[in-house]
Amino acid sequence: QVQLVESGGGLVQPGGSLRLSCAASGSIFKINTMAWYRQAPGKQRELVALHISGGSIHYPDSVKGRFTISRDNAKNMVYLQMNSLKPEDTSVYYCNANIVYYGSTRSYDFWGHGTQVTVSS
């Protein structure tokens, strides 16, 4: 009923920038939070940026000042602008959204399939 599709990953040199996009589609009644996570090989998935529907935004210290999350509520999209990229930012990046879909009585978490970001010279 609901799908999240990421795009925009790729290979970039250290110090470069990338912009990730995520489109939510389906029988969406309301989107609460939208977020980006990442997972490197052998590591746990970690939060990269969180955008709550009321406007509150959170970043971990590892990306604060370099990454910016934004939402387009009219298009059900979320973006992640990544600047000053470092090799340690190399991961698969996942879009996450907490969504109430038509016919449901509560919200559910949905995930995209992920997009690879590689930072290397």
* How would ASP72, ASP89 rank on accessible area, largest to smallest, probe 1.4 Å? -> ASP72, ASP89
* Structure fact -> Here the relative contact order (percent) of the chain, from C-alpha pairs under 8 Å and at least 6 apart, is 37 percent
* For ILE99, what is the net charge nearby, where nearby means another residue's Cβ is under 14 Å from its Cβ and Lys, Arg count +1, Asp, Glu -1? -> +2
* To do: Please list TYR59, TYR79 in order of solvent-accessible area, largest first, computed with a 1.4 Å probe with all protein chains present.
  => TYR59, TYR79
* Per residue, how much accessible area does region 63-112 show when a 1.4 Å probe rolls over the protein heavy atoms, in square angstrom? -> 49 Å²
* Once all Cα-Cα distances of the chain are split into 5 Å bins that start at 0, what whole-number percent is in each one? -> 2, 12, 23, 24, 19, 11, 6, 3, 1, 0
* Structure fact -> Counting Lys and Arg as +1 and Asp and Glu as -1 over every other residue whose Cβ sits under 12 Å from the Cβ of GLY16, the net charge comes to +2
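The values are calculated or read from the model by the stated rules, or taken from the named source; none is laboratory data. Remember, predicted model here, so these are calculated numbers, not experimental data. Because the Cβ atoms are built from the backbone with ideal geometry, glycine has one as well, and the counts that use them run over all protein chains shown. When the accessible area is computed, the model is the full protein with side chains, heavy atoms only, and any ligands, DNA or RNA have been set aside. Shrake-Rupley method; radii C 1.70, N 1.55, O 1.52, S 1.80 Å.
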